[in-house]
Structure formats: C-alpha cells, structure tokens
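The values are calculated or read from the model by the stated rules, or taken from the named source; none is laboratory data. Treat the numbers as computed from the prediction; the structure is a model and nothing was measured. Cβ placement follows ideal geometry from the backbone for every residue including glycine, while neighbour counts extend to all protein chains displayed. The protein model used for the area step is the full one, side chains on, heavy atoms only, and it has no ligands, DNA or RNA in it. Shrake-Rupley method; radii C 1.70, N 1.55, O 1.52, S 1.80 Å.
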Amino acid sequence: QVTCIEVVEAYVERIREVNPLINAVVKDRFEEALQEARQVDKLLSEGPGDDCLEKKFPLLGVPITVKEAFSLYGMPNTSGLVNRRNVIATSDATVVSRLKQAGAIPLGVTNCSELCMWYESSNRVYGRTNNPYDLQRIVGGSSGGEGSVLAAACSVIGVGSDIGGSIRMPAFFNGVFGHKPTTGVVPNDGQFPNAHGVRTSYLCTGPMCRYAEDLEPVLRVMAGPGVSKLKLNEKVSLEKIKFHCMDHDGGSIFVSPVDKEILQAQKKVVEHLESDLGVRVQRVAIHKMKYSFQIWSAMMSSKDSEGQEAQRFTDLLGDHGKPVWPLWELMKWLVGMSSHTLPAIALGLTEKLVNLNLSGKAKLVSMGKSLQEEMEALLGPDGVLLYPSHPTIAPKHHSPICMPFNFAYTAIFNVLGLPVTQCPLGLGSEGLPLGIQLVAAAYNDHLTLAVARYLEKAFGGWVLPGKV
C-alpha cells in the first residue's frame with residue numbers, strides 16, 4: 001500500500017521531530033537509508049513474486065536502529081568512551097549484517113551508558129537520553145537509546161545487548177518489548193566492549209520493538225543457523241503452560257522494595273491468566289533470589305573453566321591506553337576534570353572491593369549454580385515465571401546513583417542463562433510505563449514470546465507517549 005521510500009521518509013521525519021527532545025539517535029545515516037529504500041522499491045517493481053522475496057528478505061525495507069556499541073559500517077562505535085570518540089566502524093557486527101542481509105534498513109545508531117555498564121544512558125561523548133513519557137526520567141541502560149527511540153515511534157526494530165538487564169530495563173522504562181534470548185544462541189561479535197572469559201556465558205544480543213509479534217521474526221534473523229535450538233516452530237498451548245509468580249526478590253538489603261503499582265499490575269496479569277485461560281498460577285518464594293545482586297556480581301568477576309580472569313572494568317575504561325585509577329578519577333570528577341561518568345568511576349571502585357573477599361565470592365558462585373538448578377527444575381519444559389522487571393517505574397535522572405543495585409531484578413537471569421521477555425502493561429498513574437518479565441527454562445524462548453503476544457492483546461502493549 002505504501003512504498004519503502006515513503007516509510008523511511010516518515011521515520012526520518014519523526015526522528016528529526018522528536019530527537020532534539022529525547023537525544024536517542026546520536027548519529028544518523030538518513031541519506032544512505034533513503035538510497036537503500038529506493039533500491040527496495042526498484043527490486044519490488046522488477047523482482048519476482050512477493051512470496052519469493054519474503055522468503056529471501058523477511059525484513060525487506062524495515063527501518064531499524066542499532067545501539068552504538070555495535071559496529072555499523074561508517075558509524076561511530078565509542079560506547080560513550082571519550083578516548084574512542086574518533087572510532088568509526090569499518091564493518092558490521094554479525095547481527096547487524098544478518099539484519100541488513102534480511103533487507104532491514106538502518107537509520108542510525110543510538111545512545112548507551114559509558115561502556116554499557118550502567119542503567120542510565122548518559123556519557124561524556126553524546127550526553128543524556130530522555131524518556132519520551134517524561135523528559136525528566138531515565139531511559140534505562142545500557143540499550144537506553146533503543147528503548148527511547150522505539151517508544152517515541154522513531155524506529156521499528158532495535159538491536160540491543162544485555163549482560164545485566166540492558167535490553168529489559170530500557171524496554172520496561174519505555175513501555176516496549178525486549179527479549180533476552182537463551183545464552184549462546186545469538187552471536188555477540190562486533191560490539192564494544194565484548195565479553196571475555198566467563199562473561200561470554202552471560203552477555204546476550206537480542207531484539208527490542210513496539211509490537212510483540214515482531215520479536216520472533218527478528219530473533220530468527222539474529223540467531224541465524226542457531227535458531228533451531230529455540231523451538232520457535234513449536235505451537236504453544238497457553239492453557240498447558242505451568243505459570244509461576246513471584247512478587248519480589250524476598251527483601252534484599254541492596255534493592256528498593258517493589259512499587260505498589262508494579263505489584264498491582266502483576267496481580268492483574270495473574271487474575272487475567274486464571275480467569276481467561278483457566279490456569280492456576282502457582283505463587284513461589286525462591287529464597288536465593290534475595291541474593292541476586294551478590295550472586296551476579298560474584299559470577300561476573302569469577303574465573304572461567306580454563307582459569308582465565310574476568311576482564312577488569314578499569315582496563316576497559318583505559319581502552320588499551322593507560323590504566324584508569326578510579327580514586328584519582330573521582331577526585332578529578334569532583335572538580336569537573338574527569339572524562340568519565342560518576343557511575344563508571346564508582347563501578348571501578350566497587351570492582352576492587354568485590355575481589356577482596358575471595359572465600360565469600362566462591363560461596364556466592366556456588367549459590368548461583370544451585371539457584372540455576374532450582375530454577376530449571378521449577379520451570380521444566382513447560383513453565384513460565386512472572387517476575388517484576390525492576391522494583392521501580394522509570395526514576396528521575398541521576399537518582400539511580402542512590403540505588404545502584406536495583407538492576408538485580410534483571411541481572412540474575414543473565415548469570416542463570418535463561419530466556420526472558422519484558423512485556424509492557426500499559427501506563428501507571430503518573431503516565432509512566434508498567435511491565436513484567438516472563439522467564440522460561442533455557443531454549444524455551446518460544447514460551448515467553450507466546451505469552452508476550454497474549455498479554456499484549458489483553459493489556460494493550462505499547463502506548464504512544466503523549467496520548468491522553
């Protein structure tokens with residue numbers, strides 16, 4: 001009904017309209033995108049039948065955006081690090097290449113937190129990204145530019161990565177869908193920083209989008225040959241899923257209590273599942289979840305099976321240059337002289353503290369392995385766990401520094417290797433998005449994606465910002 005050039009022009013116009021407010025797209029490639037759209041229209045006018053094209057190019061002409069931490073040819077690839085501000089990608093990350101080969105058209109790259117290790121997307125290269133529902137609120141991190149750009153209807157699909165919730169927190173705060181696949185299926189190549197050692201088992205690349213039905217086709221393209229592991233062709237009978245529900249982590253001293261509105265939204269989901277599907281949602285209390293932050297932190301800094309140490313964050317901050325001394329950077333930051341953000345400096349300081357108590361760390365790693373077994377046994381081949389995406393709705397700018405460990409609600413599932421879909425549940429009393437995490441056992445991504453499609457119909461999914 002419309003040409004590809006019309007679609008791409010509409011999205012370009014939308015970005016130009018709202019990006020001055022949200023600062024999500026940090027570098028565009030509009031001219032190249034429009035040229036690629038013309039080529040799509042030419043192909044459609046000359047080419048074989050639609051069925052043949054759909055098979056070869058499942059995302060033909062679809063406008064996408066890419067987190068700046070991923071290589072997109074000709075675009076910057078700094079990850080918000082000042083001493084990388086002149087780095088331009090000379091190739092495409094594997095997932096970006098696969099999406100382009102499937103016909104998708106990248107519009108540009110989006111903002112992230114410094115070195116992708118904080119849940120507010122702000123850095124000294126591009127500044128701060130704002131939430132389209134309230135410009136005074138954060139977009140989450142580290143794929144925060146993607147969450148913001150999708151929520152503001154500036155892109156169809158986003159490429160995100162997630163080692164502690166970096167897909168799911170921005171998806172939650174911005175009221176869109178985000179999927180962290182089962183670990184090891186979608187390749188992580190071509191992003192900076194990439195995972196090394198034990199962290200290769202925790203970092204995941206996945207799709208973000210406004211509509212639940214878009215998650216699966218994009219995941220298929222991103223996964224490439226590995227997609228067969230995910231059972232996406234299996235038909236899901238929702239009535240046969242064993243649903244479990246956990247309202248909070250059990251009361252960690254490091255994490256905020258869960259907001260009443262988030263608990264209320266989760267309760268409505270439980271009630272709807274029980275009344276509409278006739279299932280019984282089992283309430284569970286998994287004691288070890290109370291130590292989510294400690295487990296994640298210990299497992300992230302542990303040695304891999306070959307005894308290789310995890311890469312130090314302070315080394316990444318230096319990026320092959322001089323090592324960064326966090327205490328010195330803090331002194332410089334206090335007088336406005338540091339090129340690093342306060343969260344990055346704080347992470348450098350805490351990293352040193354984590355490694356002081358080695359026996360305590362070993363116990364936490366052991367607890368994490370035990371929790372993984374417990375969770376796999378609970379979920380089995382047909383289970384889905386409902387769990388809050390975050391203890392609070394989108395906080396105001398800078399406030400995460402007061403509660404730095406709230407990301408534990410998402411992070412725990414990275415070290416457990418489980419697939420998780422963040423699903424929006426409309427807006428709360430302040431006009432800010434609500435949501436829920438849907439968790440399944442490894443390689444059961446098809447279950448969480450099916451439940452997300454169901455909940456979108458029941459609760460309305462994404463809501464246009466500013467819509468009364």
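If I filter region 381-394 down to residues being open to solvent by less than 20 Å² (accessible area, probe 1.4 Å) and of a type outside the set (Gly, Ala, Ser), which single residue comes out as nearest to residue 216 (Cα to Cα)? Can you show your working first?
Within region 381-394, the subset open to solvent by less than 20 Å² (accessible area, probe 1.4 Å) is 383-391, 393-394.
Among the residues that remain, those that are also of a type outside the set (Gly, Ala, Ser) are: 384-388, 390-391, 393.
Working: 384: 17, 385: 19, 386: 20, 387: 21, 388: 22, 390: 24, 391: 27, 393: 26 Å.
In this case the residue turns out to be 384.
Report yes if some residue within region 194-216 is among the β-branched types (Val, Ile, Thr), in contact with a Leu (Cβ under 9 Å, 6 or more places away or on another chain) and at pLDDT 95 or above; otherwise report no. Talk me through it step by step, then tell me what you get.
Here is the first cut: in region 194-216, the residues among the β-branched types (Val, Ile, Thr) are 198, 200, 205.
Checking the rest, the ones that are also in contact with a Leu (Cβ under 9 Å, 6 or more places away or on another chain) come to none.
No, region 194-216 has no match at all.
For region 452-468, which positions are open to solvent by less than 10 Å² (accessible area, probe 1.4 Å) and either over 30 Å from residue 228 (Cβ atoms) or over 18 Å from the mean Cα position of the chain (by Cα) (or both)? Steps first, please.
Taking region 452-468 first, the residues open to solvent by less than 10 Å² (accessible area, probe 1.4 Å) are 452, 455, 461.
Answer for region 452-468, where residues must be open to solvent by less than 10 Å² (accessible area, probe 1.4 Å) and either over 30 Å from residue 228 (Cβ atoms) or over 18 Å from the mean Cα position of the chain (by Cα) (or both): just 455.
Selection over region 23-38 of residues that are open to solvent by 30 Å² or more (accessible area, probe 1.4 Å) and without any contact (Cβ under 8 Å) to a residue 40 or more places away in the chain gives a count of 3. How many residues, within region 224-267, are assigned to a strand (DSSP E or B) and either small (Gly, Ala, Ser) or open to solvent by 50 Å² or more (accessible area, probe 1.4 Å) (or both)? So the answer is 1.
Which one is nearest to residue 8 (Cα to Cα), of the residues in region 62-74 that are open to solvent by 10 Å² or more (accessible area, probe 1.4 Å) and in contact (Cβ under 8 Å) with a residue 40 or more places away in the chain?
Residues of region 62-74 open to solvent by 10 Å² or more (accessible area, probe 1.4 Å): 62, 71, 73-74.
Filter once more, so that each one left must be in contact (Cβ under 8 Å) with a residue 40 or more places away in the chain: 62, 71, 74.
Values: 62: 8, 71: 21, 74: 19 Å.
Applying the filter and picking the extreme gives 62.
Looking across 9, 46, one residue alone is out of contact with any Cys (no Cβ under 7 Å at 6 or more places or on another chain) and either under 30 Å from residue 204 (Cβ atoms) or at pLDDT 95 or above (or both). It is 9.
With respect to (1) out of contact with any Lys or Arg (no Cβ under 9 Å at 6 or more places or on another chain); (2) in a helix (DSSP H, G or I), the lone exception for residue 90 is condition (2).
Condition first: open to solvent by 10 Å² or more (accessible area, probe 1.4 Å) and of a type in the set (Lys, Arg). Can you find one or more residues in region 164-176 that meet it? No: region 164-176 contains no residue that is open to solvent by 10 Å² or more (accessible area, probe 1.4 Å) and of a type in the set (Lys, Arg).
Of all the listed residues (346, 394, 408), the sole one being small (Gly, Ala, Ser), at pLDDT below 70 and under 23 Å from the mean Cα position of the chain (by Cα) is 346.
One residue is enough: does region 429-437 have a residue meeting the conditions assigned to a helix (DSSP H, G or I), under 19 Å from the mean Cα position of the chain (by Cα) and within 19 Å of residue 268 (Cβ to Cβ)? Walk me through how you get there before you give the answer.
Here is the first cut: in region 429-437, the ones assigned to a helix (DSSP H, G or I) are none.
Within region 429-437, not a single residue is assigned to a helix (DSSP H, G or I), under 19 Å from the mean Cα position of the chain (by Cα) and within 19 Å of residue 268 (Cβ to Cβ).
If the condition is being within 17 Å of residue 163 (Cα to Cα) and either among the aliphatic types (A, V, I, L, M) or buried (at least 24 other Cβ atoms within 10 Å of the Cβ) (or both), then region 412-437 contributes 412, 413, 414, 415, 416, 418, 419, 420, 421, 422, 437.
Can you say whether residue 282 is in contact with a strand residue (DSSP E or B) (Cβ under 7 Å, 6 or more places away or on another chain), under 23 Å from residue 376 (Cα atoms) and not hydrophobic (A, V, I, L, M, F, W, C), as far as the supplied structure shows? The answer is yes for residue 282. Looking at 364, 386, 425, 449, just one residue is in contact (Cβ under 8 Å) with a residue 12 or more places away in the chain, over 16 Å from the mean Cα position of the chain (by Cα) and in a helix (DSSP H, G or I), and that residue is 364.
One line per residue, one yes/no per condition, for (1) of a type in the set (Ser, Thr, Tyr); (2) touching a Leu at 6+ places or on another chain (Cβ under 9 Å); (3) surrounded by 22 or more Cβ atoms within 10 Å (Cβ to Cβ):
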position	(1), (2), (3)
85	no, no, no
89	no, yes, no
98	no, no, no
104	no, yes, yes
111	no, no, yes
125	no, yes, no
139	no, no, yes
146	no, no, yes
